[in-house]
Each structure stands twice: as structure tokens, then as C-alpha cells.
Amino acid sequence: MASDERKQIALDAISSRNELFLSAVAATADQVRGLLSGTGDVAEDQSVALGAFAKGRVDFNRFSSFTPKVAKIDAAAEAPIRAAQEVLKSLLAQGDELFVLHLEEGNNLSRKVGRRLSLIGRAFSAAHVIDLAKRGQYQEEEHAAMLEKFPFHKWNKSERALAPALVIELSAADFKPSVIVPYLDEHSKFVFKVEGDASAAALSRVISPGVFVQQETGDAALDAFAEFEGPAVAALVSTNAASFIHDPSAGETTYERFVSLEFPKEVKKLAIGGISVAQQAQDYALLESLSVVSVPTGDAASDPAGKLSAWLLSQSDLTGSSA
Amino acid sequence: MSSVAISLLDLDSEEIKCFEAEDYQTRVAKWCAGCGDFGALNAVKRLLAKEQLQPEKMAFVSGIGCSSRFPHYVNAYGFHGIHGRALPIATGLKLARPELDVFVVMGDGDCTSIGAGHWIHATRYNADMTVLLLDNAIYGLTKNQTSPTTPQGYASNTSPRGSVLPALDPLQATLGISNASFVAQTADWVPVHLYATLQAAYEHPGFSFVRILQRCPKFTPDVFLDNVKNPDITELLIHENGVDVPSLEKLYKHRRVHDPKNIDDARALAQRTDMLRLGIFFRDDSLPVYEEVRAVPPVSAEEKIVRLNEEFDRYGV
Amino acid sequence: MASKETTITAVPEHTVEIITNSGEGAQKCAQIFGQTCAKMGNGVWTVEIIPAEIEPPHHTVTSTSGNIIRFGTDKVTNWGDRSKLAIAFNDQVLLSRHRLDSFADDCIILHESIWENHEDEAIRDGYAKAMKEMSSKNYRFIKVPIEEETLKVVDNAQHGKNMFALGLLTEIYQRDLSIIEKQIAYIFRTKSAKVTELNVELVKNGMAWARENLDFQFIIDSVPAEESRVVMNGNQACALGAIAAGMEICAMYPITPATSVSHELCDIIESYGGMVHQAEDEIAAAGVALGASYGGKVALTVTSGPGLALKTEFLALAIMVEIPLVVLDVQRGGPSTGLPTKVEQSDLLAALYGQPGDAPRVVIAPRTIEECFHSMITARRIAETFRCVVIILTDANLATGVQQFTRPDFDERWQGELIDASPVPEGLRPYDWDHDTGMSRRIIPGTPGGQHTVTGLAHDEESRVSYDPGSNERGQRMRSRKLAVFQSTLMPPPIYGDEEGDLLVVGWGSTQGAIEEAVDRARAEGRKVSSCQLTFLSPLEPGLKEIFSKFRKVMTVEINYSDNLGDPYITEETRRLGQLCWVLRAHTLVDLDCWTSVPGQPLRPNDIYNSIIENIENGSST
């Protein structure tokens, strides 16, 4: 499938979360606009806000005495609020691109994700700055830096609830998904778009009881991922890899939560960048340990776990070899 | 659409309070003793507590009638509107505020008579809301007039010699509407079933239509009497994707496994009059939800002005 | 007319009609011609002639479709009086306009020549009868081989005659061909370049034919405008005004002549983050708008008379629960289905008093297409400030009339401020009315601590159903008080002309241009006449009684029905009056007269002028 189409699938999967985030940023920007417009002459504002139709017909001074009073901002507060407003505007201007992280080959995934979230977090720090400025507690030396970056670990609970999802485009050689585990909060969502042949079970590393994990080799939309209420990680990978869905809402045991599981016909036993064959084999072993409860009998072929075991047996020489 | 989206300035980081069912009731409900509306209110309160919904994050919209007093008794935002027209208000609210949980409470006259047009179209819009039809088969507030769901032959102030027409079946009607996504029936005298059905309705993404059969102690005390007394003339529709309450197994011996995905079976079952059927007749979580289909990205005031200027270039002379 | 001298006449303005069967492209021809005039700096007003049916049988008196374009050196504020020049594609559509008395006595009529000797006897007969019927006037008929000339360029004359006609007009009025070429290229931008080429060729052929065969031209001077201007019709202006005002949800149901507002919105509103919801009926459209506004969105519903009637219960609910709502009523002829495509100003009383019970609301009436745009911004502001319903009354004249106006300088402040969604302080009630002003904070769902149920039943400050006399009186008083407070911010309306005299003409809405033109004419003759065009109809602008007292007589001019004194049974006592006249009499206790008319078309300055003269000369004094 073309890379653009996969990017679209990835973007679609995160669109509802990100619209929530962007609309909150837009709402904040609007509110700030209201705050700042309140710094002007009230009657003049009112004469504009009431529109030209009212000109010569409505006494703006009188009318403005009946409109809800916008809290006056004192001069000292205006500069930081304007700076915060600029941050909000710049975030809005980026639109969807804000949520797409393209990792150049060889770059450090963990650091890049951290930085991007830190940039996104400026929406929250902008709100903090505005709040501080309104209350007259803003200190340039102490608070200005917040508008430069606001790392994930500083986000509070309700900010985390609004956290947008990220699409991460990277090459298979850099696909080490476990580094995002520290960012897997109650509301986090990540979609990896992996270029090149990836480790066949790479995403098994992030499986844990509450996390929705989907590794997708086809072109299906990530609907279940998008709708899952909780942390979720998905990866769009090449057809050489396994595809599976681990859905925490599907059952009590890890085994039950594997709602689908498909394996590639064969796997090249090659190191992928810095990811050794042995390491890849460990990914499999992990997937096995998580998804298998007992030795399959009878209808094994139709049972995801059974399929996995059967497949693992067929690949059994994998673990021993080296690159 | 930015005017009411959550603003980052209004976020609060306080820990969320834990709500008990009773926290969701504002005042003592003024329905007649023995009214089925109480059962619905209790089930709803239980549901809200189970889901721990924030009172300010939900809205109850109703029309006019006994049951439409419902919002006044719930600790939530409420809109007690006009007769028959709860659904347009609820649709508008949901379009404006998709993040709110919207509940609609209507009576049988409200929904199936004066509001019938809206009922058809709101079903088709399939906005995500939980819709309770509290059906007591009579106009109660205006004191005993025949409603569309009054059984044929049943006497009232407007049909003293008995209702002349066969009753309208809201399930059959709803199941016939394109894009209907959730149709269920339950009864006030089976509270566990009522609760389980509302739970499923709440979870369904889309327009969840639940007909709740309920007794009016004043005007239709006997309409459901046989069913209340004799569980053997009621059949429960059970399914893993429907409602299945194990505790009812002893009482109700007629239990039918019905896959709510099957619209043909659902319609056939709704058509049959041999027994009263409770459960989820139809459910399809994949149908398009109106406010999602219509959602567009927000645009800032500044950007709007940029676009307006471009638009006006078209009209420039 | 093989050889001829061309007479060139300079005139301050002209009114031109293009009359065709529906589907023959008169709109495109008129649109390009009007735009060209506007670009050249003329004042322009165009009016559509719309048949009631979509595809009426061709070549009949009911198939008439077309446009009237009035343009002049100065600003043009209305469609004027009878047409001075007409181009007609057949005798029957021409006859229909003649029967409506649309042509000046000396009107030049350029009409298709093929019908006179057509092979079909019925057509020949019809032609002969039509020409005979029209012979009572002094029209100057000029036969033009429109179809024949068109077929020299294209195979199907149906799709080309309009451009040939445009060529005739271009030559007669010396229009700038380069502007016309650009307009054609724009209109056909989605088609192949060949289409534009053929259309331009047709225009050039029309010009050449006129040059060779016509012995007259008109010159209408123009002064190119200094400020940037736009040209559009009133419905487009309302739609764009709604967007400029930050309106986010328009809920509507199709109804003529309001629907094109939503067409315009449907095309663009989503790119502004908003939406149009086409509801199942007029009632639901009001309900969805109300529900959206309850949720905090800026909501609009658009309708016309029959729709307004259906929406009344919801409007009363909005007023009762004090949720802001803007209603745009593009008036048409009534009662009942009435005249769907035609002009009337007969929804005023319904807009003011349509609901059972006391339901105070604001009613405003834009007077020009420019005001259609700006009124949306004002309406939103008033609705939100006073938590009330604002009804905007435009009409079919504004809706389809095209006029240029100063390009608006968009301002973010038009889009309002975010609703205060901060936690509701302990003790603040949903209707915490300020007992002087009736005003209270609007609390929308989602606001922490503000949970309450709004109700259409009588209620107290806490929004609890309350039947006690005190609560009911208080609620009614508070809702009414807001109108008085708003009225206190209004200023007396300006007077057009002197502030005292023999007669004051009072109008409202779209009749302004025609009334002022009539007043100008009367004043030029030394008559002491002034006029006053009201824009705020509820609450009324202040000072009216004082203004009226300076004139010997006051009369309203309106496009709605009133009885004529002197008709059978019609006496001072039985006479029913124009709608604004009723309202002003009740409001000021001044004995106003009225002159109204319901021809289904805009009032003509000359007819108003005649009514002014008649009133001054015959009427009793107030």
C-alpha cells in the first residue's frame, strides 16, 4: 500500500482525539482573544461587536453597560498573555502536522517523542501562563521558559486527559516501540507507521493488561484502536510481520484479549538495523507467553493461540540462529 | 466550532468525586404512588452511578407529559421542552456538544403521536443518545385519553366505548426506519432487566431506542397486569450481544437466543403477538452516527476572517 | 435599417429587461451585464423575474423568466419604475410583462423576428394577437433575428441566444468588452476554453448586429468607486453575514424564497467549522437550532412566512427559557402558501405577536442588501446579550435583488466571546434576574455546578416549575423588561428630509430606496414631505411620537394588505390597516394613515409618489 494511504489510515485513527485537543486550543485562543479585546475601550469594542447595522441606531455606551463585563487585564499581564496567545496560534496553525512525527533514520525515538510532546504541551503551559498573568503572579524569569517547552511529566491529570495522539513515521531499523512506554498514560495513543520490513512481533513489547495493542499489516482502518478508551498503540507494518489485536476490553485473561492473530508465511532471519535476530526472536517468545494458555488440541487451527503455537513450532529454529 | 469547546483555561485538576446513585437525584419525584416512572428513574440513577457520570456533563431532554418531568428529578442539565419535540432539541444539543451524554425521556403520546415525525427522523439521524420511551399506553397528565399505544378496545375519556384502532407498536415502527441502530424493550416491573437494558443502550454508540412498558396506577393499572402476574407469557430475548440477566432465569422460563444483529428476525419477533418480548431486538454499533458524520474541524476566528476575505474576492467589483 | 444615423442619448439611468422562456439563460446574461455595470462604476439593482413552476411550457405567458436591471450614474437603491428597454425572446413572454404594466410607454422592445412568419399557424396567430394587444402603447418594436444570428455560431440556439442579447446590450450601452470577456471566462471557468470562446463570439456578433442595424445608443456616465466594493443578492449577504457573525449551526427546512441562504451556507459553512442541518420540518429546524444554542453554539434558523407560523411554539419556548436564537424570515406573499416567489412585507404582525401568551422578542428589518449582511452580526449580539429571540425580517425583494456595497472590513469581535463556562458560584441561580433589567447569566450544559432543568412551564429563579401568581408575574415581567432595557439603548431614527412638514412617510425594510426616491421627486416639486425608515420594530425606536408630531400627516407605506377607504363596506371604522400602521397607531396614539399594495412585486417609486401627492391633496390631517 502507498505510504500516503497508510499515513491517512494513521491520521484517521487519531483524528477524534486530536480534534478534541485542537478544539480546546481553539477555544482557549478565542477566550484569550476576548480577554485581550477587553483591554481596549469598552464602548469602542461594543460599537464594532454590535455591527454596522446598529451604527447610528444603538447608543454603544449604553449598550455596553448591559453586556457581561470582561475582566480588565492590567498592562503587566498583557505581554505574557500575548506571548501565550502566539503559542496557541502557532500550534493551531500546524494542524495535523503537529501530531505527525517523522523520525530520521538513526535518530533517538524516545527523545524525539519526548520533545514533540513537550512542544504540544505548550498549549497547557500557555494556559498556565495566562492564568498566572491574570492573577498577577506571572514572573518572567520563572515562567517564561514554560512557553518554550512543557514536557509530558509536567502535565496534570486533566491535561493528560486531553493529550493528543501521535503518528510516528520511522524506518524498521528504528522501530523499538518499548521506548514509548513511559508516555503510555490513561489517554495516550500512538500509531507507528513503519517503513521497510520490521521485526515480525515488535509491538509485543508494549503489551500490558490495560493497553490496546494492534499490529496491522493490511489496509484496514484502525477503528477499534480509535474507539478504545484507554492507552493504545498501533503499528502499520509490512506484510512480513505478524498482525494481531490485543484488546483489553475483550476478556479477563491476556489470552482472551487476543481478538485476532495472523502470521506471515515466512520470516527472513536477518538483523534489521540494530535489531538482531535474537532480539526479534525474543519479541516472538513474548508474544507467545502472553497469548497462549495451554497446548492447543483439536480445533487449534481456528484458535488464535493455537495458531500461534503451531506457527512458533514451525519456526522453531529461529531462536537458535544468529545474524 | 470553538465557542463552547473545553477551554484549557477551565481545566481543573481536582480529584474526581465518587457519586452514589442517590447523588443523582435532586428532589422527590411527584409522580403518583405506583407509577412506573419511579422504576425508570431508579434504573437511570443506578446507571449513572455505575458509569460515574459527571452531573454537568450530561443532559436530559424531555417533552411534555408525566414522564417528561423526569429531568427535574435528575442531578444533571435538563431541558423540559414542548410536547412531542424533545428529539429536535436533543439532536441540536448533540450536534453542538458531542461530548455530552444526552438522554431523552418521552411518553407514548409525546413520541408516537404528536412527535411521530421527529421520532422517525431522529432514529434515522442516529445521533448518539439514549432514548427512553416511557409507554403507559395512555395520556396521563391530561387525564385519561387514548394514545396510539392504547390497546384496542380499552376505554378512556376520548374512547368511552373502547379504543377503536389496533395499537401502534413502537418497536415495529422503529425497526422499519432506515439507519435504526438500537431497538429494545423492557418493563418497569422487571427492574434488573430494565437496568441491564439501559446499560446496553447507554453503551451503544448511536440512537438507542428503549421502550419501557410502565404501569399507570390511575388510568391503565390493568393493561400489563397479566404480564406482571404471569411470567410465563413473557419471553426474554437473550444474547451475548444483547441483554442476558442470569438472575431472571428461574422466573422466566421462556428465553430465546436472539442475535440482535439480525434485523429480519428482529422485525419478525416485533410482529408476533403471542407473547410479550423483552430484550434487545436490534443493535448495530457500526451504523453512521450523525454528529460524527457531520463533524468538521474547528476554525479560529482569525482563520475565518482570512477565508471570508477570500470568499468576498469572488464578489468583488 | 440598412444605413442609418446613430442617435446617442445621455441619460442618468435606465431600466432594462431581458425576458425569455425559463431555461434560456436570462440570468447569466443579466448577471454578467449587471456585474459589468457595477465594475464600470454604475449603481446597479437587479431583480429576477421567476416563473412559479420549474419548467413551465415554453412560449406561453406563464413561462416568463428573466431579469430587470436598473443602472445609473449614481447609487441605485431600488428597481425603479417601468423599463425603458426590453429584449424578448418571444411574443408571449413579452405579452406577459406588458400585462403587468412593466414597460414605459416609450419603451424600446427588441424582440425575436422568427415568430411572425413561423410555419406553425398557432404561433403566427399568437404573435399577431400579442402585437395587437400591445399596440395600445407607444412602444418602439424592433425585430431582431436573435435565433438566426445565434445559429451562425452554435448549433443549439437555446444555449446561446442569451449571449447574443448580451452583445446587443453591450453595444447599446457602450459597455467595456474586456470586462465582459473576463466575466464570461469566470462564469464558464469549469467548462472548456472553447465554451468561453463561443460565448465571447456570440457577444461580439450581437455587438456587430447592433452596430449595423440599430440607430440609437445610450450613454450612462459612471464614476468608478474609490473604496473596494462587492456585489451580491440579499440572501448571499445574509449567509455571509451569518458566517462573519460566527454563527455555527443553521437548521433549516427548504422554503422559498429563503432557501438560497442555506444553499450559500451549505457551500461554505463547513470550512468555517460550522454546519447546516436540513431538518425534517420547519418545527424541527427551530428545535435543532434551539437545542444547539442551549448547548452554547451560535444558532440560526432560516425560513419564510409559512415556516415562521410552524415555528411559533419553539420560538415561544426559546423566549420562555431565555435561550438566544436568531431567526431569519425572508418574507414572501401570504397568507397560507400565498405567493412563494414574490415580494410582500406581511409577516410583521406574526413576527411581533405570533405566539399565544406574552412572548417578547426583538424584531429588526434590514433596509438594503448591505444591511442584510450587517444585521446578522447585530442580531447575534442582541440575542446573546439579552438571552432573547431576534427575528430578522427581509423579503423576496432583498433576497433576490442584486446590489453593490462597500466591502465589509471583517472584525474578530463580530464573532463574539466564549461563553463563560467557569464553575457556577454557590448560590447563583439559573434565572438570577437583575430585578431592574431582567438580565441574568447564561449557564450552558457542561458548566460545573450549574445543573438545572430549563422548562417551558412557568418557573421561578431556580428554574423550578412554579404555578404561584408571584412567580408567574415576576417571570413575565423580567422577560418583558429586557425589551425596555434594550429600547433604552436605541436612538431615534433619522429623518430623510426636513424634520417637519406636511407629510411624513414611514416605511420599514426593503422599501427604503423606493420611498426615498419618491420623496425626492415630491420635494423637487416643492412638497413638504419627509420619510423615516424604521429598522427596529420590536422594541420600536424611541421618539416616534415626538417625530410624528412635527408633521401635519403621517402615513406608512408598506407591501402588505390594507382596505381602501371608499370600497364597499369600508369605512373609518371597518378599515383594516397596514401592519406597521397598526403597530404605530397603538404605540403613539397618532392617527396614522397608510398606503399599501400587494402586487407581488416591489413598490415602484412612481406609485409611492402618486400616493404621496394624493395623500397631501385629499387626506384629512392627523
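The values are calculated or read from the model by the stated rules, or taken from the named source; none is laboratory data. What you are looking at is a predicted structure, and each value in this text was computed from that prediction instead of being measured. Every residue, glycine as well, gets a Cβ built from its backbone with ideal geometry; the counts of neighbours run over all protein chains shown.
Per-structure values
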| quantity | calculated |
| --- | --- |
| Residues that are basic (Lys, Arg) and either within 14 Å of C:Met163 (Cα to Cα) or more than 23 Å from the chain's Cα centre (by Cα) (or both), drawn from the range C:1-51 | C:Lys4, C:Lys28 |
| The one condition in (1) within 13 Å of chain B (Cβ to nearest Cβ); (2) buried (at least 22 other Cβ atoms within 10 Å of the Cβ) that C:Arg367 fails to fulfil | (1) |
| Failed condition for A:Ala165, given (1) surrounded by 15 or more Cβ atoms within 10 Å (Cβ to Cβ); (2) within 14 Å of another protein chain (Cβ to nearest Cβ) | (2) |
| Matching option when the condition is assigned to a strand (DSSP E or B), more than 30 Å from C:Lys75 (Cα to Cα) and within 12 Å of another protein chain (Cβ to nearest Cβ), among C:Val485, C:Val424, C:Val454 | C:Val454 |
| Residues within the range C:408-440 that are crowded, with 18+ Cβ neighbours inside 10 Å and either farther than 19 Å from C:Met247 by Cα or touching an Asp or Glu at 6+ places or on another chain (Cβ under 7 Å) (or both), tallied | 12 |
| The listed residue being in contact with a Ser or Thr (Cβ under 6 Å, 6 or more places away or on another chain) and either surrounded by 24 or more Cβ atoms within 10 Å (Cβ to Cβ) or not acidic (Asp, Glu) (or both), out of C:Ile255, C:Ile249 | C:Ile255 |
| Residue tally, condition more than 27 Å from the chain's Cα centre (by Cα), among the aliphatic types (A, V, I, L, M) and not in a loop (DSSP other than H, G, I, E, B), over the range C:76-121 | 3 |
| Residue list for the range B:80-118, filter: touching a Pro at 6+ places or on another chain (Cβ under 8 Å) and either of a type in the set (Ser, Thr, Tyr) or facing chain C (nearest Cβ under 10 Å) (or both) | B:His80, B:Leu93, B:Arg97, B:Leu100, B:Thr112, B:Ser113, B:His118 |
| Some residue of the range C:552-562 being surrounded by fewer than 20 Cβ atoms within 10 Å (Cβ to Cβ) and out of contact with any strand residue (DSSP E or B) (no Cβ under 6 Å at 6 or more places or on another chain) | yes |
| Which numbered condition B:Lys304 misses (of (1) surrounded by 16 or more Cβ atoms within 10 Å (Cβ to Cβ); (2) more than 7 Å from every other protein chain (Cβ to nearest Cβ)) | (2) |
| Candidate set from the range C:182-235 (those that are more than 30 Å from C:Phe141 (Cα to Cα) and among the hydroxyl-bearing types (Ser, Thr, Tyr)); member that is surrounded by the most Cβ atoms within 10 Å (Cβ to Cβ) | C:Thr196 |
| Residue match in the range B:252-259 (condition: within 14 Å of chain C (Cβ to nearest Cβ), in a strand (DSSP E or B) and either free of Cβ contacts under 8 Å to residues at least 24 places away in the same chain or surrounded by fewer than 21 Cβ atoms within 10 Å (Cβ to Cβ) (or both)) | no |
| Checklist (1) within 11 Å of another protein chain (Cβ to nearest Cβ); (2) part of a helix (DSSP H, G or I); (3) surrounded by 22 or more Cβ atoms within 10 Å (Cβ to Cβ) applied to C:Leu308, failing item | (1) |
| Condition check for A:Leu103: within 14 Å of chain B (Cβ to nearest Cβ) and either farther than 30 Å from C:Arg387 by Cα or among the polar types (S, T, N, Q) (or both) | no |
| Candidates A:Arg122, A:Arg116, filtered to the one that is under 12 Å from the mean Cα position of the chain (by Cα) and among the basic types (Lys, Arg) | A:Arg116 |
| Residue satisfying all of: in the range C:457-477; outside any loop (DSSP other than H, G, I, E, B) and within 14 Å of another protein chain (Cβ to nearest Cβ); farthest from the chain's Cα centre (by Cα) among these | C:Val465 |
| Given (1) touching a Pro at 6+ places or on another chain (Cβ under 9 Å); (2) more than 26 Å from C:Val11 (Cβ to Cβ), index of the condition C:Thr60 fails | (1) |
| Residue within the range C:438-450 that is in contact with a strand residue (DSSP E or B) (Cβ under 6 Å, 6 or more places away or on another chain) and outside the structural domain of C:Met247 (by TED's automatic domain parsing) present | yes |
| Residue ranges of strands (runs of 3 or more DSSP E) in the range A:199-295 with at least 3 members within 18 Å of the chain's Cα centre (by Cα), of a type outside the set (A, V, I, L, M) and within 24 Å of A:Leu109 (Cβ to Cβ) | A:212-216 |
| Residue identified as within 14 Å of chain A (Cβ to nearest Cβ) and crowded, with 18+ Cβ neighbours inside 10 Å among C:Leu398, C:Leu352, C:Leu348 | C:Leu398 |
| Test result for B:Leu269, of a type in the set (A, V, I, L, M), farther than 28 Å from B:Phe38 by Cβ, in a helix (DSSP H, G or I) and modelled with pLDDT of 95 or more | yes |
| Selection count, the range B:57-103, where residues are in a helix (DSSP H, G or I) and surrounded by fewer than 24 Cβ atoms within 10 Å (Cβ to Cβ) | 4 |
| Strands (runs of 3 or more DSSP E) fully within the range C:215-266 counting 3 or more residues that are within 22 Å of C:Asp411 (Cβ to Cβ) | C:229-233 |
| Subset of the range C:488-511 (residues that are surrounded by fewer than 18 Cβ atoms within 10 Å (Cβ to Cβ), of a type outside the set (S, T, N, Q) and within 14 Å of chain A (Cβ to nearest Cβ)) | C:Met491, C:Pro492, C:Pro494, C:Ile495 |
| Residue within the range A:60-67 that is among the hydrophobic types (A, V, I, L, M, F, W, C), part of a loop (DSSP other than H, G, I, E, B) and within 12 Å of chain C (Cβ to nearest Cβ) present | yes |
| Residue check, C:Ala244 on the phi < 0 side of the Ramachandran plot and either surrounded by 24 or more Cβ atoms within 10 Å (Cβ to Cβ) or in contact with a Ser or Thr (Cβ under 6 Å, 6 or more places away or on another chain) (or both) | yes |
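Each row is one residue, and each column tells you yes or no for (1) buried (at least 24 other Cβ atoms within 10 Å of the Cβ); (2) in contact with a Pro (Cβ under 8 Å, 6 or more places away or on another chain); (3) more than 10 Å from every other protein chain (Cβ to nearest Cβ); (4) closer than 23 Å to C:Gln236 by Cβ.
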site	(1), (2), (3), (4)
C:Leu265	yes, no, yes, yes
C:Glu270	no, no, no, yes
C:Thr303	yes, no, yes, yes
C:Leu315	no, no, yes, no
